Amino acid sequence: MPVEPSDLPPTTTTPATEPVTKKAPSKKTHRSERAEDWAHTRVGDPWPCDICGHNAFMRDPYTGRPCHLICAKTQAHERGEQW
Ligand SMILES: [Zn+2]
């Protein structure tokens with residue numbers, strides 16, 4: 001007479017653990033590539049800005065031309081480009 005495996009522990013179904021939703025990091029400003037380039041751009045003698053004509057110490061990181069960061073930024077926004 002076969003022994004019934006009656007005294008085996010009942011198979012417990014482990015409930016699926018709820019996915020832990022990580023909290024979004026608190027407002028860490030992510031700089032775009034362009035903003036990053038501008039942040040490390042060269043500075044030099046005050047030269048008239050290519051855009052507004054006022055003296056600018058900063059150089060456009062792409063053209064090397066004197067240009068204010070704010071002017072380049074404004075122009076980018078006017079063109080609908082991502083800064
Ligand atoms: Zn300017």
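The values are calculated or read from the model by the stated rules, or taken from the named source; none is laboratory data. Since the model is a prediction, treat every value here as computed from it, not as a measurement. Using ideal geometry, Cβ is built from the backbone for each residue, glycine included, and neighbour counts are taken over all protein chains shown.
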Margin query: Residue under question is Asp7, and the condition is that it be among the acidic types (Asp, Glu) and modelled with pLDDT of 95 or more; does it hold?
Written below: no
Filter segment 44-60 for residues that are in a strand (DSSP E or B) and within 14 Å of the ligand (Cβ to nearest atom); the one that is surrounded by the most Cβ atoms within 10 Å (Cβ to Cβ) is Ala56
Pairs returned, first residue in segment 64-75 that is on the phi < 0 side of the Ramachandran plot and touching a residue at least 12 places away in the same chain (Cβ under 8 Å), second residue that is exposed (fewer than 15 other Cβ atoms within 10 Å of the Cβ) and small (Gly, Ala, Ser), beta-carbon separation under 9 angstrom, 6 or more apart or interchain, are Pro66/Gly44; Leu69/Ala39
